[in-house]
Structures are given as structure tokens and as C-alpha cells.
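All remarks here apply to the structure that follows.
The values are calculated or read from the model by the stated rules, or taken from the named source; none is laboratory data. This one's a predicted model, so the numbers in the text were calculated from it and none came from an experiment. Heads up, the Cβs are rebuilt from the backbone with ideal geometry, glycines too, and the neighbour counts pull from every protein chain shown. Calculation scope for accessible area: heavy atoms of the full protein, side chains included, ligands and nucleic acids excluded. Shrake-Rupley method; radii C 1.70, N 1.55, O 1.52, S 1.80 Å.
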Amino acid sequence: MSTTFSYTIFKSAQSLPDEWDTIAAQNIFLSKNYLSVLENASPANMECHFIGLFKNDILCGIAIAQYIDLTRINTFGEEQEKKFSIKDYLFKKFSSHILILGNNKLTGQNAYCLNHDIKETVALSLFKQALKKLRKQYLKKCIPINLTLVKDFNKKELPDFKAAGFKNYYQFCTQPNMIFAIMSEWESVNDYLAALNTKYRTQYNRARKKAEGIEKRKLSEEEIKEQENRIHELYLTVARNAPFNTFFLPKGHFYTFKQQLKDKFLFYGYFSNDTLIGFSTLIKNNSDMDTYFLGYDETIQKEKMLYLNMLYDMVAYAIKKQFKHVIFARSAMEIKSSVGAHPEEVYGIIKHHNSILNIFMSRLFPYFDPKIQWKERNPFK
């Protein structure tokens, strides 16, 4: 019997094959429940597509692709809103319609999962065909895709992309994924503190003292709904300060998340005199714990060292529950390294569908990629 490989593009999480979650057991971010969150509470400028790979009509691989329209948001930060920016103008004119194999809301390889019935190179070749089909579908709607990219994989996986026919793609490496590894001998936060050197143990004690009077509470689905407006306000305070944005979460996103993922999604509120002043979110992903979005009142954050305290709380929870890693993702690399996270380089490949511009991608990409200087810290003895 000959072997036939094929792919199908699904628009809705409800239409995914019954066996989808068997493969997605490797990664919660490809599960039907999580994909339902994307479907029902995605940013306004994002559309999601789900790709199934089949060997003789039996599912053997799954993936997510996203279309992002950058004309609908302010990309290069709040400070550019009221003044003309040549960078923003050029970016939106020539690179505003983007097709991604992967999840632009996360850091790390959350693009696809395969079982043992399909080789990596065969799967990647099928994903490449699926991306081409999606580009044609958008073109029929008068939306020309400017850029196609595959994001956040390890360096050792690069040869597979080349073998699968991803030619003329520019390879890039931007901000690292900050990962906190939990030592097997740690049973409580006290073991973590004992491993810190004096300087960073002092930092921990100082941060905890600053946060006295702040009450931390795990919020239920109903409480998240009740605080929806305030949560969105605090989220936007942080998001709008980022140097580069490709989306903004809609109001109600975290409520939908809790509805779909239940106890796999944790939402912690930080209160001062019964007023929500900050929040953090966590996602249980097998042996790893992924940090998600957070928000805080900027006027209180510095005084109470709220962000640093959130990081310590995440570490303490992960140690207590015996996770192996905390995935802190990108951004704020220096402060994350000060609590013990280490940078892991992640790679991507990108192609501009204007052949002339694609020739100059090695110059254009660094121009548009925000440069962030930071110093790695080592808090351990």
C-alpha cells in the first residue's frame, strides 16, 4: 500500500478532528480548548487557522497559522502615536500583512506537534504548502500577504527547514526566551533562597518588605468577569509601553481563557484596600509552567516593586507544585535573570514576497527589530 501525505486547513476549533487532542497532549497551546480561546477572544487584527497533517487519512501532525494586519494598530509604541514616524510608515506600507506559522502571542516552539508517523521534513514541506494556499486565499480577498514567517524554534532545527524547501528565507534571532530551571532538590521557596547569593537574597527580602499590605488572591471565573474593565486597563498600561506591538488583547480575553482552560489557567489579582492594582497569569503546560500576560498600576508598581514580587510569586508556586521550568518568555530580560532565569536563543525565518525587498532582508530586518540592551545577572552562589 502506498503512503499518501496530505494537509487540511481548519478555520474553526469546533471542526477539528476528534483525535486532535491526542497529538496536542504534548503542548496545551495546540489543544482544542486553547485554540477555542484564540477563536473566541483573539485580538481584532488577528485571524487563526489550524492545520492538520494526514498520513493515509489518519491525523499525524497539527499546527497553528496566524494572519496579522498591522495597519490596525500602533506598532512602534505609544510615543509614536502623535508624530509621524518614517519607520512606522515604511513598515505598514510594505510589511503590514503577515502570515505566521506559529503563535505570535507566545514565545517558544508552539507552532506544531507531530507523532511518529511523519518525519519533520515531510511535515514542514506540507506546512509550506498550506502557507502558500493561505496566501492565495487572502489574495482572493484582496489582501496581499507581505511577509511569511516561521517563529521560535531551536538552532538544531534549521537544517530541516532548508531540506523542506524553505528557500530565500532570512534567518533571524531576536530577544531570547527567558527560562527558569527548577532544581530537583528544591522543595520549597526556602531552598531557592538558600541557593541565592547574599546580594540577591537581600533583593528578595527588600522586595517582599516593599509589598507589605498588598493582598494577593487567586481569582475565580466570576471574579475575573467582575473585574473585566479594571483588568483591561491594567493590561493596556503595560502593553502600550512596549517598544513594539503586533496586537492588543480584547477586553474579556482572560475571562474566556478561564472558561476554556479551567484550572490549567491561573489568574492572580494583587489588591490594595480592595482595589485591583495588578495581576499575573500562569498556564500549566505539562511539566512546564508558562507565564502569560500581566498588568499593573504604574504609579504603585515602582513603589511596591510589584513586578519583581510577581516574578518571585511565580517561582515560589512552580517550586511548590514541582514544575521543571518556568517559561518567562521575552521582555524584561534583565530583571527576569535577576531571579534566576537564563536566556535561550530562539530562531525564526522570514520572507518578503516582494522579491526585490527580500534581497535586502538582511538589512531591513535589523532596522525594524527594536534593539534592547541588557545585562544578564546570575543570582546564585
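Values for this structure:
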item: Relative contact order [Cα under 8 Å, 6+ residues apart], the chain, whole percent; result: 21 percent
item: Packing rank of 60-70, 274-284, where each peptide gets the mean count of other beta carbons within 10 Å, highest leading; result: 60-70, 274-284
item: Potential extension, residue 26-residue 55 segment - 0.36 nm per residue separation minus Cα distance; result: 8.5 nm
item: Peptides 159-168, 257-266, 323-332 ordered by average Cβ neighbours within 10 Å, highest first; result: 323-332, 257-266, 159-168
item: Antiparallel bridge percentage (DSSP; both residues within the chain; nearest 5); result: 90 percent
item: Set of aspartates and glutamates with alpha-carbon distance to residue 105 below 15 Å, sequence-local pairs under 8 removed; result: 39, 47, 69, 152, 290
item: 5 angstrom amide H check on residue 105, placed H, neighbours 5+ away; result: none
item: Value of relative contact order over segment 183-323, rounded to a whole percent, pairs C-alpha under 8 Å and six or more apart; result: 29 percent
item: Heavy atoms of residue 369 accessible to a 1.4 Å probe, total area in Å² rounded to 10; result: 40 Å²
item: Area of residue 174 that stays accessible when all protein chains are in place (1.4 Å probe, Å², to 10); result: 40 Å²
